[in-house]
Amino acid sequence: MEIAPLEHVGAYAAAPPSYEPYELAKYLLSKIQGKSEKYGKAKGVEQYLLLYITDWRFILSQSVMALLQYWTLTTAHNFTGIYLYMPMNKDEGISSLLFPTPADFWKNFNPESLKENLVQNLDPKGWK
């Protein structure tokens with residue numbers, strides 16, 4: 001599943017370099033749940049979902065990843081595992097596990113604490 005909320009921004013070039021992580025995570029969770037409903041629960045079959053980005057404007061912050069890890073652990077879906085891949089260049093990228101994560105890790109986590117945050121992504125091609 002590509003991470004590109006273009007229905008909110010139009011085109012890649014029009015996407016702002018900043019976003020509210022809580023809102024983006026809620027949006028992505030709804031998309032994950034939509035995929036889960038689409039594919040259903042196949043008896044005896046493990047299903048994995050890969051989320052990926054194709055544009056630097058949609059690089060996920062640690063706060064978005066934490067929210068998705070928490071919410072995919074505490075919200076019903078049909079996936080055995082959910083992974084994230086964010087390419088950094090044509091040869092390398094960052095892979096992360098979003099689900100499952102240990103429930104004990106999240107016992108003191110408050111998703112509402114991230115509600116007012118703002119993330120600013122920087123264009124990697126703009127560095128000199």
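Residues in the range 70-81 that are open to solvent by less than 40 Å² (accessible area, probe 1.4 Å) and in contact with a strand residue (DSSP E or B) (Cβ under 7 Å, 6 or more places away or on another chain): Thr72, Phe79, Gly81.
Taking residues in the range 101-128 that are assigned to a loop (DSSP other than H, G, I, E, B), and partners anywhere that are open to solvent by 90 Å² or more (accessible area, probe 1.4 Å), the pairs with Cβ atoms closer than 7 Å and at least 6 places apart or on different chains are Asn117/Glu20; Leu118/Glu20. Within the range 88-97, the set of residues being open to solvent by 50 Å² or more (accessible area, probe 1.4 Å) and within 14 Å of Ser61 (Cβ to Cβ) comprises Ile94 only.
Condition check ((1) within 27 Å of Glu116 (Cα to Cα); (2) open to solvent by 40 Å² or more (accessible area, probe 1.4 Å); (3) out of contact with any strand residue (DSSP E or B) (no Cβ under 9 Å at 6 or more places or on another chain)) across all residues:
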{"site": "Pro16", "(1), (2), (3)": "yes, yes, yes"}
{"site": "Pro21", "(1), (2), (3)": "yes, no, no"}
{"site": "Ala25", "(1), (2), (3)": "yes, no, yes"}
{"site": "Lys31", "(1), (2), (3)": "yes, yes, no"}
{"site": "Gly34", "(1), (2), (3)": "yes, no, yes"}
{"site": "Tyr83", "(1), (2), (3)": "yes, yes, no"}
{"site": "Phe99", "(1), (2), (3)": "yes, no, no"}
{"site": "Trp106", "(1), (2), (3)": "yes, no, yes"}
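Scan the range 77-99 for residues that are part of a loop (DSSP other than H, G, I, E, B) and touching a Phe, Trp or Tyr at 6+ places or on another chain (Cβ under 9 Å) and jot them down. Even if it seems obvious, please write down each step before you answer.
Kept after step one, since they are part of a loop (DSSP other than H, G, I, E, B), are these residues of the range 77-99: 77-80, 88-92.
Result: His77, Asn78, Phe79, Thr80.
The values are calculated or read from the model by the stated rules, or taken from the named source; none is laboratory data. Keep in mind that this is a model prediction, so the values were computed, not measured. Positions of Cβ are generated from backbone atoms using ideal geometry, with glycine treated the same way; all protein chains shown enter the neighbour counts. These area figures cover heavy atoms from the full protein model, side chains too; ligands, DNA and RNA do not enter into them. Shrake-Rupley method; radii C 1.70, N 1.55, O 1.52, S 1.80 Å.
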